[in-house]
1. With respect to A:Thr5, determine if the residue is among the polar types (S, T, N, Q), within 27 Å of B:Gly107 (Cα to Cα), more than 14 Å from chain B (Cβ to nearest Cβ) and in contact with a strand residue (DSSP E or B) (Cβ under 9 Å, 6 or more places away or on another chain).
2. Looking at region A:1-39, which of its residues are over 16 Å from the mean Cα position of the chain (by Cα) and assigned to a strand (DSSP E or B)?
3. Residues of region B:69-80 being outside any strand (DSSP E or B), under 18 Å from B:Tyr25 (Cβ atoms), touching a residue at least 12 places away in the same chain (Cβ under 8 Å) and out of contact with any Phe, Trp or Tyr (no Cβ under 6 Å at 6 or more places or on another chain), which ones?
4. Looking only at region B:9-38, how many residues end up being loosely packed, with under 15 Cβ neighbours inside 10 Å, of a type outside the set (A, V, I, L, M, F, W, C) and more than 20 Å from B:Lys58 (Cβ to Cβ)?
5. How many residues does region A:69-93 contain that are farther than 14 Å from A:Met19 by Cβ and surrounded by 22 or more Cβ atoms within 10 Å (Cβ to Cβ)?
6. Take B:Val57 and decide whether it is without any contact (Cβ under 8 Å) to a residue 40 or more places away in the chain and not acidic (Asp, Glu).
7. Which of the residues belonging to region A:62-102 are part of a loop (DSSP other than H, G, I, E, B) and of a type in the set (Asp, Glu)?
8. Out of the residues in region B:60-98 that are at the interface with chain A (Cβ under 8 Å from one of its Cβ atoms) and surrounded by fewer than 16 Cβ atoms within 10 Å (Cβ to Cβ), state the one that is modelled with the lowest pLDDT.
Amino acid sequence: IAGITQAPTSQILAAGRRMTLRCTQDMRHNAMYWYRQDLGLGLRLIHYSNTAGTTGKGEVPDGYSVSRANTDDFPLTLASAVPSQTSVYFCASSETGGSYNEQFFGPGTRLTVL
Amino acid sequence: AQSVSQHNHHVILSEAASLELGCNYSYGGTVNLFWYVQYPGQHLQLLLKYFSGDPLVKGIKGFEAEFIKSKFSFNLRKPSVQWSDTAEYFCAVMPQRGYQKVTFGTGTKLQVIP
């Protein structure tokens with residue numbers, strides 16, 4: 001693994017189903033993030049984690065949950081998917097300990113909720 | 001909370017034309033500024049970043065950006081674009097103090113015509 005991987009690459013999901021998007025990084029970054037990218041809205045932060053064992057809410061957290069059991073993994077769960085959650089989801093990571101930290105992005109997951 | 005505005009949503013240029021993409025932010029304190037690029041079908045990659053010092057920042061692939069504090073601007077420039085620069089460009093801002101939440105602009109799609 002080099003950088004950040006996300007799975008699946010794309011998924012079509014029926015409304016009401018539960019779905020977990022996976023994200024793994026091998027850079028030993030402390031901070032990880034989930035964004036959704038929608039046309040005309042740019043990237044919006046869903047949830048973040050500054051370090052393993054802690055998580056926080058971003059701009060658009062409703063309908064999503066995350067966990068951070070270890071440094072490398074940061075799964076995003078949709079408990080009961082709705083069509084408005086159709087989007088492209090990007091996971092990102094960065095070092096912490098200062099404010100001079102760029103974010104590195106994964107390849108994205110394209111999710112369609114019908 | 002900070003915000004970012006990218007005024008140009010879609011820009012079409014011929015090869016060899018000069019490029020300037022606007023980015024303005026609002027925030028009461030000191031910020032770090034970023035430009036990311038997303039090539040078609042790919043994830044976001046960092047083009048350049050400004051943390052402090054020389055307000056003219058040079059990035060990869062011949063891009064540069066100038067931080068003008070009095071105008072709260074961080075415009076992206078390239079003297080001569082190539083077809084391979086066709087992509088979506090995102091400006092982002094992050095406060096230097098407090099929780100390091102990155103806010104992205106809505107993006108500018110650049111189309112370079114051969």
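The values are calculated or read from the model by the stated rules, or taken from the named source; none is laboratory data. Worth saying up front: this structure is predicted, and the values here are computed from it rather than measured. Please note: Cβ atoms are built from the backbone with ideal geometry, for glycine as well, and neighbour counts cover all protein chains shown.
1. Working: among the polar types (S, T, N, Q): yes; within 27 Å of B:Gly107 (Cα to Cα): yes; more than 14 Å from chain B (Cβ to nearest Cβ): no; in contact with a strand residue (DSSP E or B) (Cβ under 9 Å, 6 or more places away or on another chain): yes.
No.
2. Within region A:1-39, A:Ile12, A:Leu13 qualify.
3. The initial filter retains those residues of region B:69-80 that are outside any strand (DSSP E or B), namely B:69-72, B:79-80.
When the remaining residues are screened for being under 18 Å from B:Tyr25 (Cβ atoms), the result is B:69-72.
Now drop any that are not touching a residue at least 12 places away in the same chain (Cβ under 8 Å), which leaves B:69, B:71-72.
Scanning region B:69-80 gives B:Lys69, B:Lys71.
4. At the first step, the residues of region B:9-38 found to be loosely packed, with under 15 Cβ neighbours inside 10 Å are B:9-10, B:12, B:14-18, B:20, B:26, B:28-30.
Those left that are additionally of a type outside the set (A, V, I, L, M, F, W, C): B:9-10, B:14-15, B:18, B:20, B:26, B:28-30.
This time we only want the ones that are more than 20 Å from B:Lys58 (Cβ to Cβ), so: B:9-10, B:14-15, B:26, B:28-30.
Total meeting the criteria: 8.
5. Within region A:69-93, residues that are farther than 14 Å from A:Met19 by Cβ and surrounded by 22 or more Cβ atoms within 10 Å (Cβ to Cβ) number 5.
6. Values: without any contact (Cβ under 8 Å) to a residue 40 or more places away in the chain: yes; not acidic (Asp, Glu): yes.
Criteria met by B:Val57.
7. First, the residues of region A:62-102 that are part of a loop (DSSP other than H, G, I, E, B): A:62-63, A:67-72, A:74-75, A:79-82, A:86, A:95-102.
Matches in region A:62-102: A:Asp62, A:Asp72, A:Glu95, A:Glu102.
8. In this case the residue turns out to be B:Arg97.
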